[in-house]
Amino acid sequence: MNRPNKALVCASGAVLCWATVASAFKIALAQTSVYAMLAVAAPVAAIILAIGVTIQGKWKELRKACRSDIVYCCFLGLFNPFLYYIVLFAAYDMLPAHVAQPLNYLWPLLLTLLLAVVGRQRIPALKFIGMAISLAGVAVISMGDSNNGDTLSAAGYAVAILSALLWALYWLLNNRMKDRMDSSVSLFLGFATGSVAIYIGMIFLPVGLPPLSAWYSCAYIGIMEMGLPFLLFAIALRNTDNPALINQLCYLAPFLSLFIIAIVLRESVTPITFLGLTLIIAGIMFNQYGAQRLYKRFAAMAIAFLILPSFAKAQDPVVDISLEARADWQHDRIDGETNKHNTGFKGRYLNLKISGQINDQWSYNFRQRLNKTISDGAFFDATDWIYLTYAPTSRISFSAGKQVVAIGGFEYDRAPIDLYYCSEYWNNIPCYQFGISAALRVSTKDVITGQLVASPFRRAEGNNNNMYAYNLMWNGNHGFYQSIWSANLIEWSPGNYIGYLSLGNKFTAGIASLELDLMNRAASGHRFFFKDWSIMTEAAVQPTDRWKIFGKFTHDYNKSGSTADLCVMDGTDIYMIGGGAEFYPLKGGRHEVRVHAAAYRSWGKNGNPAGVLQNHQTFIDLGITWRMGIFSMKR
């Protein structure tokens, strides 16, 4: 593994560790006290750090260090883990996890203030904008929980913010050792000393060790919060050529954490919480990366406005309009009898597509199904997507409008016009919804997207538009391997959520390819794995650019005993296997014609009597697809 990839893998591992610990805090606190919890977690972390120092061969750093540096690192152990984690755990004891966790991420904002007070560093005027954005996030979170009828402790808010202040102070003190001792060694010294201080404190305080049942969660915290992620993060920073990117990845952790909090702890995580957290992180990132760029941009705009008006030239728009259509003849037999309603000639799709580039930063996309019925004058029922995208840099973009719900998998990702038969899950998921999304290109081969959209299941609740889906997606393209992975938290009824873990994988070798999609689903309070899932796989060979031969297998399974899954209903255990071929008599340029022949056989039980796949079903499909470029303009 090369150094940049090693850095990304280690940073991602650290992010995943940190994403789980907020839930672990609450689980441990339900069984023991704050101090007892720390009495187990801190020594476990010291052991993990000692193992990490040994593996990396860093003990020689300790032998070379001067005595004053060793004493200083030991002194820092009184801040972290001793004082900091007592305050942090107390905040989680007083507040719901989904409130305490975002507040703790205020520490970079408080660090800026500390640098101004202690280090007498002037705060640039634009950084006050970032501070105001983050503080607005805190206000949004507090007001959101008040509106939900929850009465939260004001002292809890104060303790959570104090924990952020202590971490900022620790960062400031620890930064002195940045170039004088390896971070793993200095952290080990701090945790070893902090662990001793914790046990000395137990002599004078009326506390004991936690019950045996709590040791597992406390040890987990020591490993996944205090020890392992710091080792991984240090390795990532040593191997990366882009430390800013590694630091930015850390801000994925609180969003992932909210997903896990909702699923594991069953706390009511509302859009207000996500909005508040987004504002907190946005303010921090603005201060870290945006303020300086804005200064430069304002200066450049002033020069352009005052000096160079005669040379200004707006970039001309790009417009592309096209139509695509598909017509099939199909034959559907279930248990030896022809399904007359699904047999014969059918016009399947007639889509109008319009896309354009307004300038270097703004673009738009629109696709309308002209053959889809519009109910009650709701024009957007027949709109697959219509959204505007703003890309301030080549790495970051924001989109708003109706868009594809960000769920992983290659079957799900492919346009419906290019699919001839699909899994039961695909046939029942309403995949286009209004919302907003943000994408970060973390490397030339990887994109992370966060999305907030209306719930795909809002119509099942009488078109309740106050239901939401929270989605996080990774798109990767690494030569022979491509990925579309997602973690999703979707409101299936008001206040109730179902979580998805959907892993789309594609392997390519020459003319052959294999797509393998693995999806697991679970509602709050149910076992997450292996009760409700789907597998979709397709193998294909393309001997020429005009021919494609493929085979496909899907298996949808749900024995969860829950009504939460509205796509693959409880009691389902249905298989499907099929194959087919495509041929392009016309390909290239702005016009394409494709003919296809495909068939499948399905068997098993579908918990939905009206589902698409049924027991002993045979389906044959022959058809033609054509794409027509109508108009393209670039001025």
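Worth a mention:
- Taken over segment 234-262, residues that are part of a helix (DSSP H, G or I) and either under 15 Å from residue 472 (Cα atoms) or open to solvent by less than 30 Å² (accessible area, probe 1.4 Å) (or both) amount to 20.
- Filtered by the rule that a residue be under 21 Å from residue 595 (Cβ atoms), surrounded by 15 or more Cβ atoms within 10 Å (Cβ to Cβ) and either free of Cβ contacts under 8 Å to residues at least 12 places away in the same chain or in contact with a helix residue (DSSP H, G or I) (Cβ under 8 Å, 6 or more places away or on another chain) (or both), segment 504-547 gives a lone residue, 538.
- Residues of segment 55-99 that are β-branched (Val, Ile, Thr), open to solvent by 10 Å² or more (accessible area, probe 1.4 Å) and under 30 Å from residue 27 (Cβ atoms): 55, 86, 87.
- Options 550, 619, 583; residue that is among the aromatic types (Phe, Trp, Tyr), open to solvent by 50 Å² or more (accessible area, probe 1.4 Å) and either at negative phi or free of Cβ contacts under 8 Å to residues at least 12 places away in the same chain (or both): 583
- Residue count for segment 173-187, restricted to those that are open to solvent by 40 Å² or more (accessible area, probe 1.4 Å) and either touching a Ser or Thr at 6+ places or on another chain (Cβ under 6 Å) or not in a loop (DSSP other than H, G, I, E, B) (or both): 5
- Restricting the search to helices (runs of 4 or more DSSP H) fully inside segment 1-92 and requiring at least 3 residues that are among the hydrophobic types (A, V, I, L, M, F, W, C) gives 3-29, 34-56, 67-76.
- Qualifying positions in segment 456-483 - of a type in the set (Phe, Trp, Tyr), in a strand (DSSP E or B) and in contact with a Leu (Cβ under 8 Å, 6 or more places away or on another chain): 468, 470
- In the set 382, 391, only one residue is closer than 30 Å to residue 440 by Cα and either in contact with a Pro (Cβ under 7 Å, 6 or more places away or on another chain) or at pLDDT 90 or above (or both); that residue is 391.
- Leading residue by the ranking (surrounded by the most Cβ atoms within 10 Å (Cβ to Cβ)) among those in segment 587-616 that are of a type in the set (Lys, Arg) and in a strand (DSSP E or B): 594
- Failed criterion for residue 224 (all others in (1) open to solvent by less than 10 Å² (accessible area, probe 1.4 Å); (2) closer than 30 Å to residue 496 by Cβ; (3) of a type in the set (A, V, I, L, M) hold): (1)
The values are calculated or read from the model by the stated rules, or taken from the named source; none is laboratory data. Computed from a prediction, not measured in an experiment: that's the story for all the values here. Reconstructed Cβ throughout: ideal geometry from the backbone, glycine too, with neighbour counts over all protein chains shown. The area values use the complete protein model at the heavy-atom level, side chains included, leaving out ligands, DNA and RNA. Shrake-Rupley method; radii C 1.70, N 1.55, O 1.52, S 1.80 Å.
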